[in-house]
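Inspection log for the structure reproduced underneath, given as structure tokens.
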Amino acid sequence: MTTMAMAQAVFQHAHDFYDTGSWYVVAECWDVLAIAEELDRQEERSATPFELEAAAIAHFHSLLHDNRRTRH
């Protein structure tokens, strides 16, 4: 199960990189609880827990990247 600290790290990353790529979407549209819920859902789908904050951030990066690819 994802820790709130890991979700907070994703949230902080989104705010730190607000002007980079699409991180503003996470910063503006997600809160820490919603981030934690998404990380939990991904852990259930993949049966692989997030062990590092970087992996959680990478998951959200892939969500943003995949979303941008499907819009074009």
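Each principal axis of the Cα atoms in the stretch 22-62 has its own extent, and those three values, largest first, are 29, 17, 14 angstrom. FRET efficiency for the H65 to E44 pair, using the beta carbon distance and R₀ = 30 Å, is estimated at 0.90. Can you tally the net charge around F60? Count Lys and Arg as +1, Asp and Glu as -1, for every other residue whose Cβ sits under 12 Å from the Cβ of F60. Here the charged neighbours net out to -3.
Just the protein heavy atoms count here, and of the accessible area of the chain at 1.4 Å, carbon and sulfur take up 56 percent.
Within the shell of other residues whose beta carbon sits under 14 angstrom from the beta carbon of E38, the net charge comes to -4, with Lys and Arg scored +1 and Asp and Glu -1. Accessible area per residue for the chain is 66 Å², calculated with a 1.4 Å probe on protein heavy atoms, without ligands, DNA or RNA.
The values are calculated or read from the model by the stated rules, or taken from the named source; none is laboratory data. Being a predicted model, the structure only gives us computed values, none of them experimental. Methodologically, a virtual Cβ is constructed for each residue, glycine included, from the backbone with ideal geometry; neighbour enumeration extends over all protein chains shown. When the accessible area is computed, the model is the full protein with side chains, heavy atoms only, and any ligands, DNA or RNA have been set aside. Shrake-Rupley method; radii C 1.70, N 1.55, O 1.52, S 1.80 Å.
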